[in-house]
1. Which of A228, G86, S216 sits closest to the plus end of the dipole of the chain, meaning its Cα is farthest towards the positive end, when Lys and Arg get +1 and Asp and Glu get -1 on the C-beta?
2. In whole angstrom, how far apart do the alpha carbon centroids of segment 242-266 and segment 7-41 sit?
3. Just subtract the alpha-carbon distance of E100 and L197 from 0.36 nm times their residue separation and send over the number in nm, one decimal.
4. Could you name the lysines in cross-link range of K133, using Cα to Cα under 16 Å and dropping any fewer than eight places away on the same chain?
5. I'd like the isolated cysteines in the chain, meaning no second cysteine's beta-carbon lies under 4.7 angstrom from theirs.
6. Return the long-range amide H neighbours of Y210 (sequence gap of 5 or more, or a different chain), with a cut-off of under 5 Å between placed amide H atoms.
7. For V54, V175, what ranking results if the residue with the fewest other Cβ atoms within 10 Å of its Cβ goes first?
8. Report the net charge of residues surrounding N259, where surrounding means a beta-carbon distance below 10 angstrom and charges are Lys +1, Arg +1, Asp -1, Glu -1.
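Read the figures in this text as sums done on the coordinates, not as results from a lab. These figures come from a predicted structure and were not determined experimentally. Note: ideal-geometry Cβ built from the backbone for every residue, glycine included; neighbour counts use all protein chains shown.
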Amino acid sequence: MIIDFHTHIFPSEICKNREKYFYLEPAFELLYRSPKAKMIDDKKIINIMDDDKVNRSVIFGFPWKNADLFKKHNDYIMEAVNRHPGRFIGFCCFDPMSKEAVPEILRCLGDGIAGLGELAFYDSDIDEANLEKLAPIMEISRENDLPILMHTNEPIGHMYPGKTAITLNQIYHLVKKFSKNKIILAHWGGGLFFFQLLKKEVKKMCENVYFDTAASPFLYDPKVYEIAIRIIGEEKILFGSDFPLIRPARYIKELENTNLTREQIRNIFGLNAARLLKLI
């Protein structure tokens, strides 16, 4: 079983007319200004899933600032789930700072949403003020046992579209403040998992934290899998491709060339996600 925990899809209208949506959406323009930045709809991702032998994908939209846009995008996500029974798992995405965030979660709950994300702070820090605004979102997530996927990135190294100025300290304070939530930190949590080697506090604060592998072939040496397993255990690692950025097959090939056991690969590629989402 292969479950891709991190994929982005857009309605065909947005894929074909992306420039129309750059106005007042600087984060979207930042990520998708280049024609080389791929955008796909639900039909195209199904074709790739079939080719790469992916059983199910967690799909989500974009954290638009415009509430009407994120509502329409979430509608599209749930319509895609219904169009392809058993293939998609829908997450509710929105601007976490929007006053419409909480009502949107409640609305999507009625449509059977399975989680929240990918939530991101592309144009601001994750400071204390923003953490306070996240509190009601996290409360609903916790009360309804919804995992929440947060965009994070490494604070050093090369720059690329979507890399934010957030720090490891900010990521850690998010985890610490909401330690009872099931949180998935995208892109290996910006490297936060390394600090679970500390003897005090961090390991306990991260008991409910998972790390996805999104964009890993662009960011990390393949040895990251073996190192992460030694530090946090294979059960806390979720395969996420960040498709259409990278095809799932590239990850499959990369892991097959590591020293991971078949059981470890099976857990990372699907069983961990299935347990977290209560599919098994």
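1. Final value for the positive-end residue is A228.
2. For segment 242-266 versus segment 7-41, the Cα centre distance is 27 Å.
3. Full extension of this stretch gives 31.0 nm more.
4. Answer for K133, where 16 Å is the Cα cut-off: K65, K99, K176, K177, listed by chain and number.
5. C15, C93, C206
6. HN-HN under 5 Å from Y210: I183, I184, L185.
7. Exposure proxy ranking, most exposed first: V175, V54.
8. 0
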